[in-house]
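These notes are about the structure you will find just below.
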Amino acid sequence: MKKRQTKGKSRFLKNLYWMGVLVYFIYLLYSWLFQVPSGREIGQNLVAYLLTMGKILPCSFILIGLFEVWIPREIVEPHLGYQGGIRGYILAIVLAGTMAGGLLVALPVSSALYHKGARLSVIFTFLGASAVVRIPMTLFEVSFLGVEFTAVRWLVSVPLIIISSLFLEKYLSKEKFGIK
Amino acid sequence: MLFWLITGILLLFSFLVDPDKSRKAVRIAYQRLLAIFPSLLAMLILVSLVLYLFPQDRIIFYLGNGRKIVNIIIAALVGSIAAVPGFIAFPLAGILRDNGISYTIIAVFTTTLMMVGVTTFPVEVTYLGKKVALIRNIIGFVIALIVALLIGLYFGEVTL
């Protein structure tokens, strides 16, 4: 009985979602036909962002696919798993720092790493670091805000990310949690 | 473009070594991309709306007004919601700096911008589930506030 209820709820949310999408696109079409400035601007934003993602996402997913078939679990697990120790966190931060695309790419990558045996705290460190320590972005940051600003930001946020990841891992070890 | 080139070369190389494995890799790529399509679409729609609701001049206006503590909260909220890509975020931070906005505010804005994502939330939920996605974003929000506080102390803008 309860199962049916949650099923009904998720179907309701699904319908709501697709109705929202429909309304959105009808509004864009309407704005495009009748020159409504707000809708046209939103449409332009959509196209611009779609192009940015179109440049990064297909390649990223192909690389993830290649990673899945070529890199065996035996290579990933000793470094990023429980035996990895501190090295795992350093690797996660280096990997996050050199990667393009931000969270949108980091999420599927972390899912791939998880299924190859990386431990959760390393993955959460990787996700957090992918937001904070990306090298190309940091160079930009330094040129606009100065080295000191970036240095303080890194020195404060990186340890906090690692500590919070450890706590999150510990908390989730008591529940059935898995990354899709 | 370099990214495409590298991917292309790797894929080609992979096909030369083992066509079966490579086909599997491409299939994995396609299936995974398809699996997150609904949340990706939700994100695209959110980004297009947020970019419309929070254009650059409005962000500068929001961050530059009012009292300090209120400003920090506003900066944190705007940073969490706004969908500014990195290559625009820092020039924007430079503009904020030139407008006399404090490092504290800039730190809280850029850090929440990077660590808390309202627009990327649908995608995050598909991978991590609602609860963990929410916890992660709250942690990001708190870290941003701590970073801002310490940046403020370092630059002498905040005194204890």
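Extent along the principal axes, Cα only, for the stretch A:19-70: 52, 23, 12 Å, with the longest axis given first. When restricted to Cα atoms, the stretch A:71-180 yields an Rg and a Dmax of 14.3, 45 Å, respectively. Among B:121-130, B:94-103, the peptide with the highest mean count of other Cβ atoms within 10 Å heads the list, and the full ranking is B:121-130, B:94-103.
Would you kindly calculate the translational diffusion coefficient of chain B, applying Stokes-Einstein with the Kirkwood radius from alpha carbon pairs, for 10 °C and a viscosity of 1.306 mPa s, and quote it in µm² s⁻¹ without decimals? Intermediate values should be presented prior to the final figure.
On the way: Rh = 18.0 Å.
This corresponds to a translational diffusion coefficient of 88 µm²/s.
Spin-label model, A:Q35/A:W18: points 7 Å from Cα along the beta carbon direction are separated by 3.6 nm. Once you reduce the stretch B:1-24 and the stretch A:10-31 to the center of their Cα atoms, the two points are 38 Å from each other.
As a check on your grasp of the helix formula, calculate [θ] at 222 nm for chain A: sum -39500 (n - 2.57) over DSSP H runs of n ≥ 4, divide by the residue count, round to the nearest 500. Write down the numbers at each step before the final one.
On the way: 8 runs with 151 residues, N = 180.
So the helix-based figure for chain A works out to -28500 deg cm²/dmol.
The packing ranking of peptides A:19-29, A:129-139, highest mean first, is A:129-139, A:19-29, where packing means the average number of other beta carbon atoms within 10 angstrom of each residue.
Computed from the coordinates by the stated procedures, all read-outs in this text should not be read as laboratory data. These numbers come from a predicted model, not from an experiment. Cβ coordinates were reconstructed from backbone atoms using ideal geometry, including for glycine residues, and neighbour counts include every protein chain displayed.
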